[in-house]
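The values are calculated or read from the model by the stated rules, or taken from the named source; none is laboratory data. Owing to the predicted nature of the structure, the values given are computational and were not obtained by experimental measurement. All Cβ positions, even for glycine, are placed from backbone atoms using ideal geometry, and neighbour counts span all protein chains on display. For the accessible areas, the whole protein counts, side chains as well, though only heavy atoms, and no ligand, DNA or RNA atoms are used. Shrake-Rupley method; radii C 1.70, N 1.55, O 1.52, S 1.80 Å.
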Amino acid sequence: MDVLLLGASGRIGRRIASELLDRGHAVTGVSRSGEVDGIDDADFVAVAGDATQPDQIARLAAGHDAVASALGPSDDESPDRLSTMLEAVVDGMRRASVDRLVWTGGAGILNVGPDTQLIETEDFPEEWKPVASAAIDAYGILDGVDDLRWTYVAPPALIEPGERTGEYRTARGELVATEDGDSHISMEDFAVAFADELETGDAVHTQLAVGY
Ligand SMILES: NC(=O)c1ccc[n+]([C@@H]2O[C@H](COP(=O)([O-])OP(=O)(O)OC[C@H]3O[C@@H](n4cnc5c(N)ncnc54)[C@H](OP(=O)(O)O)[C@@H]3O)[C@@H](O)[C@H]2O)c1
């Protein structure tokens, strides 16, 4: 598969790039600078692009089989930029006639009980709320898109650099947690789940929650 990976220079994006390359896919990795550190593979090319610009997305996406995203606004930007980016990605993909999108979302939207989302729970850290709300707003945009085959891959509550075990569990729209309530995954195993979904297309038009 030829994949355009937005956010390839980010913490999660770099792991997705490595996972896809290890599986033999070709990856065009986008960052604003055009640089992606730490990836050296003949099937990888790093390019410059601004994901808030539909015309740039259209130009970059053309000829690819799918668009993958691990986009996130920088700390010095408003979290609302995420919605601007998603709108530009959808617009650009339509112009480029690329119809498969796998998007890295957030855990805040996931249900933890009947009619309760993780973001609504008492223990949800106040300082995470702006970013979590932005990821929920992004889902709201995707939910109205029916002409692209999109998947919103949602991490568990905690996702950190770690080991690739190849093990993970999924759920549709519900937080994945262990029996003792621990909800986490390594970024490496998140990348495995992300790549599996990109390859299979099993969870189109839904929230695919992943975790251990
Ligand atoms: N538990 C959770 O719910 C949870 C936990 C962690 C992360 N996440 C979400 O997962 C996503 C990725 O997280 P991360 O930690 O990997 O983020 P990160 O390290 O900050 O990476 C963000 C990426 O987005 C790119 N980017 C930002 N603005 C851009 C623009 N205008 N044009 C092109 N590229 C742009 C950055 O590229 P350059 O800056 O190099 O241009 C970078 O590659 C985020 O949406 C984050 O909110 C969710």
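Things worth noting here:
- Among the residues making up segment 54-75, a single one is touching a Lys or Arg at 6+ places or on another chain (Cβ under 8 Å), under 16 Å from Gly13 (Cβ atoms) and more than 14 Å from the ligand (Cβ to nearest atom): Ala66.
- Selected residue (criterion: farthest from the ligand (Cβ to nearest atom)) from residues of segment 76-93 that are among the acidic types (Asp, Glu) and under 25 Å from Met1 (Cβ atoms): Asp91
- Considered as a group, the residues in segment 1-48 that are more than 9 Å from the ligand (Cβ to nearest atom) and acidic (Asp, Glu) include one that is surrounded by the most Cβ atoms within 10 Å (Cβ to Cβ), and that residue is Glu19.
- In the set (1) surrounded by 22 or more Cβ atoms within 10 Å (Cβ to Cβ); (2) more than 8 Å from the ligand (Cβ to nearest atom), Ala51 fails one condition alone, (2).
- Hey, Ala107 assigned to a helix (DSSP H, G or I) and closer than 22 Å to Ala8 by Cα or not: no
- Of the strands (runs of 3 or more DSSP E) contained entirely in segment 1-94, those carrying at least 2 residues that are free of Cβ contacts under 8 Å to residues at least 40 places away in the same chain fall at 26-31, 44-48.
- So Leu175, is it crowded, with 17+ Cβ neighbours inside 10 Å, touching a helix residue (DSSP H, G or I) at 6+ places or on another chain (Cβ under 7 Å) and farther than 20 Å from Gly13 by Cβ: yes
- Extreme residue, surrounded by the most Cβ atoms within 10 Å (Cβ to Cβ), among residues of segment 94-124 that are within 14 Å of the ligand (Cβ to nearest atom) and among the hydroxyl-bearing types (Ser, Thr, Tyr): Thr104
- Only one entry of Glu87, Glu127 meets the criterion of being over 18 Å from the mean Cα position of the chain (by Cα) and either open to solvent by less than 70 Å² (accessible area, probe 1.4 Å) or of a type in the set (D, E, K, R) (or both), and that entry is Glu127.
- Condition broken by Asp137, with the remaining ones in (1) free of Cβ contacts under 8 Å to residues at least 40 places away in the same chain; (2) in a helix (DSSP H, G or I); (3) open to solvent by 40 Å² or more (accessible area, probe 1.4 Å) satisfied: (1)
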